[in-house]
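Take a look at the following structure, please.
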Amino acid sequence: MKSGSWSKIIIHSLLGLIALAALIPFLLIVAASFSDEMALTVKGYSLWPRDFNLSAYQFIFDKPGRLLRAYGNTIAITVLGTSLSLVMMSLFAYALSRQLFRFRRIYGIFLVVAMLFSGGLVPYYILVTQVLKLQNTFIILLLPNLIGLYQIIILTAFFRQLPNELFDAARVDGAGEWRIYGSLVVPMGKPALATVGLMIAILYWNNWTTPLYFIRDPDLYTLQYLLYQVMRDAEILALEPQIGASQLPTQATTMAMAVLATGPAAFGFFFAQKYLVRGITMGSLK
Amino acid sequence: MTDKDRTVKYRLRMPKRSVSSRGLKTKMGQDLRSRNRVWLLMTLPAALWILLFRYLTMVGVGIAFVDFKPRKGIFGSDFVGLQNFTFLFSTDAVLQATLNTVLLNLLFIVVTLAFSLALAFLMFQIYSSSISRVYQAVLLLPNFISYVIVSYFVFALLATDNGMVNGVLQGLGMPRVAWYTEPQYWPTILLITHLWTAMGWGSLIYLAAMLGIDNELFEAAEMDGAGRGRQFWSITLPIILPIVVINVLLALGSIFNADFGLFFLVTRNQGLLYPTTDVLDTYIYRALTTSGDWSMASAAQFYQSVVGFLLLLTANRLVKRIGGRDRDLSLM
């Protein structure tokens, strides 16, 4: 054995500890969601459930309407938004990646200026509420994340690396640009599209600011915004008339909501991870 | 291969085909024109979005110079010059928010850099083992958790009556702390929260850079008896320094913009904490929604947008000078 093996053990234990520490908040929430409300209030949060029970989940599944609605909204927005976004961005990026595109330079400057100067919240708020008048609509939940400038740049760089010879051959065979885009660029661009699509999907999934600014209608709540509301006003569930406020498992329920909202996404993350990692390195090392 | 090489190669190929016959050349010209039309069409949806949400909102910062009345619109409202700004800077609140924004961001940048580099270096040492992918995934996960959930986490840790931290403190015989009412602790709390969400991402960027280093350099250093620490300072760091500098510069460029979710949700928007947690983004949000004060909000917004733009522009210039390239323009 080389002397290096000792340092490797130290490194492994160090990284293992850091990784465990990073997981503590997740454990805390899961443990709390399986805890008895009284015990949670009296003994406090811990890494192991206090008086293990499922009443928080029972409570949510008894009246799952609100949570299901938010889930439905979030899934619809994520799927629709990401698809639309990918189509719009990849079309733009494909055109931009063509050396012979006459407006390439102008669009380049157009993008960079948009990246450098941001009008910020106030003009955006006025645009949506006074000009477009889209508050309390499904559309506004879709619109804000539709285009990512950074993602356009990743796609453009990727499309530029695709072999031009192939496109030229297709052109000689009489293929138009739509045809080339549909049957060559999209299939060959899959790795980049997957990465960018994931980035956008996460933005949609995690979006709570758009509803915070523009949505008052509970039917349009997204998952994250619902969680925000539940946390802000834990008694919101007490509005359900049949149950007395005293027997409400509020804290445990809140945490169970968080688990139900995050669990599937966190699970998905571990499968999607490698595409995301590629996205990070793509962007930073270009 | 650089972009320029590619352009040359592509341009060289085009005439070769078209010189063969005059008829083909005109056909190619027409062809190119129609292809350009299709390309332009392809860009339109995204371009319209950018025009609407990015460019129109740029013009929108101009409302800082009018007495904005929603009914009258931007151009219908009365021009008041710098009155909104006099109003804005007449209290200390916006200066406090500016100071908090800049100082906390600086703190975040420095500490996150140190942690990310250290983590990347550790991961680099054991990169060949399969468990390193697990560490990587676990450390990256917080980056993709929304701040709503993060605020739940922090609440479970810091709740006064039953939070875990107070439980531990009590176990150690120390008094409980009412975290959500004591502003002095919050720079540290926010730093830890930020670190938790950001270090996985940061370390990955530097790890990728380290993996790009020629392994022979490390082997040669090992032969000469250099330990891992020495290797880091003499080989790894100098080689990845440009990437570090570029990342730090770009982060410094956005120092006037705070992470709204972190400051708004994780602090639970507690007024008592504002002395250390109120940043420009939360200040503007409050001016806009809670107090509905258009003049205050628009003036603060103009101030943040313009200073932020100048900082980002400077950062990009410096990156270009150091890296010999403009990160954004180089891709165009």
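What residue, of B:Ser116, B:Ser129, is modelled with pLDDT under 90 and either open to solvent by less than 30 Å² (accessible area, probe 1.4 Å) or not in a helix (DSSP H, G or I) (or both)?
B:Ser129
Answer yes or no: is there a residue in segment B:41-59 that is in a helix (DSSP H, G or I) and at pLDDT below 90.
The answer is yes, given that some residue of segment B:41-59 is in a helix (DSSP H, G or I) and at pLDDT below 90.
Just give me the residues in segment A:266-286 being at pLDDT 80 or above, open to solvent by 40 Å² or more (accessible area, probe 1.4 Å) and within 18 Å of A:Val196 (Cα to Cα), in sequence order.
Across segment A:266-286, the qualifying residues are A:Phe270, A:Phe271.
While we're here: So B:Glu222 ticks every box in (1) within 11 Å of another protein chain (Cβ to nearest Cβ); (2) acidic (Asp, Glu); (3) exposed (fewer than 13 other Cβ atoms within 10 Å of the Cβ) but one. Which box is left unticked?
(3)
Checking A:Arg216 against (1) surrounded by fewer than 16 Cβ atoms within 10 Å (Cβ to Cβ); (2) assigned to a loop (DSSP other than H, G, I, E, B); (3) free of Cβ contacts under 8 Å to residues at least 40 places away in the same chain, which single condition isn't satisfied?
Failing condition for A:Arg216: (3).
In addition: Could you tell me whether any residue of segment A:56-76 is in the same structural domain as A:Ile140 (by TED's automatic domain parsing), touching a Phe, Trp or Tyr at 6+ places or on another chain (Cβ under 6 Å), open to solvent by less than 80 Å² (accessible area, probe 1.4 Å) and not β-branched (Val, Ile, Thr)?
So far as segment A:56-76 goes, yes, one or more of its residues are in the same structural domain as A:Ile140 (by TED's automatic domain parsing), touching a Phe, Trp or Tyr at 6+ places or on another chain (Cβ under 6 Å), open to solvent by less than 80 Å² (accessible area, probe 1.4 Å) and not β-branched (Val, Ile, Thr).
Does A:Tyr125 satisfy the criteria of being under 28 Å from A:Phe214 (Cβ atoms), within 11 Å of chain B (Cβ to nearest Cβ), in contact (Cβ under 8 Å) with a residue 12 or more places away in the chain and aromatic (Phe, Trp, Tyr)?
So A:Tyr125 passes the test.
While we're looking at this one, here's another question. Give segment B:48-62 a look and list any residue that's surrounded by 13 or more Cβ atoms within 10 Å (Cβ to Cβ) and within 11 Å of A:Gly119 (Cα to Cα), or say none.
Within segment B:48-62, B:Phe53, B:Arg54, B:Tyr55, B:Leu56, B:Thr57, B:Met58, B:Gly60, B:Val61, B:Gly62 qualify.
Determine whether B:Leu207 is at pLDDT 90 or above, within 10 Å of chain A (Cβ to nearest Cβ) and in contact with a Phe, Trp or Tyr (Cβ under 7 Å, 6 or more places away or on another chain).
So B:Leu207 fits the description; yes.
Next question, about the same structure. What tally of residues in segment B:161-182 results from selecting those that are open to solvent by 30 Å² or more (accessible area, probe 1.4 Å), within 10 Å of chain A (Cβ to nearest Cβ) and of a type in the set (S, T, N, Q)?
1
Oh, and also: Any chance you could count how many residues in segment B:63-79 are open to solvent by less than 40 Å² (accessible area, probe 1.4 Å) and either more than 23 Å from B:Leu288 (Cβ to Cβ) or among the aliphatic types (A, V, I, L, M) (or both)?
Total meeting the criteria: 3.
Are there any pairs with C-beta distances below 6 angstrom linking a residue in segment B:128-144 that is within 7 Å of chain A (Cβ to nearest Cβ) to a residue that is surrounded by fewer than 17 Cβ atoms within 10 Å (Cβ to Cβ), with the two at least 6 apart or on different chains, and if so which?
Taking only residues 6 or more apart or on different chains, the pairs are B:Ala137/A:Phe270.
I'd like the full set of residues that are crowded, with 18+ Cβ neighbours inside 10 Å and closer than 19 Å to B:Thr112 by Cα, limited to segment B:233-243.
Once the filter is applied, which keeps residues that are crowded, with 18+ Cβ neighbours inside 10 Å and closer than 19 Å to B:Thr112 by Cα, segment B:233-243 yields B:Thr236, B:Ile240, B:Ile243.
I need a count of the residues in segment A:48-58 that are part of a helix (DSSP H, G or I) and under 27 Å from B:Gly167 (Cα atoms).
Within segment A:48-58, residues that are part of a helix (DSSP H, G or I) and under 27 Å from B:Gly167 (Cα atoms) number 3.
When the residues of segment A:10-39 are filtered to those that are among the β-branched types (Val, Ile, Thr) and touching a residue at least 12 places away in the same chain (Cβ under 8 Å), which remaining residue is surrounded by the most Cβ atoms within 10 Å (Cβ to Cβ)?
A:Ile29
Enumerate the pairs (first residue in segment B:308-332 and facing chain A (nearest Cβ under 9 Å) and in a loop (DSSP other than H, G, I, E, B); second residue anywhere and at pLDDT below 80 and open to solvent by 50 Å² or more (accessible area, probe 1.4 Å)) with beta-carbon separation below 8 Å, excluding pairs fewer than 6 apart on the same chain, so at least 6 apart or on different chains.
Note: pairs meeting the criteria are B:Arg327/A:Lys286.
Continuing with this model, one more query. Report yes if some residue within segment A:146-168 is free of Cβ contacts under 8 Å to residues at least 60 places away in the same chain, under 28 Å from the mean Cα position of the chain (by Cα) and farther than 19 Å from A:Gln99 by Cβ; otherwise report no.
yes
The values are calculated or read from the model by the stated rules, or taken from the named source; none is laboratory data. From a predicted model like this one, the values you see are computed outputs, not experimental measurements. Every residue, glycine among them, receives a Cβ derived from its backbone with ideal geometry; neighbour counts consider all protein chains shown. Ligands, DNA and RNA are stripped out before the accessible areas are found, and what is left, the full protein with its side chains, is counted by its heavy atoms. Shrake-Rupley method; radii C 1.70, N 1.55, O 1.52, S 1.80 Å.
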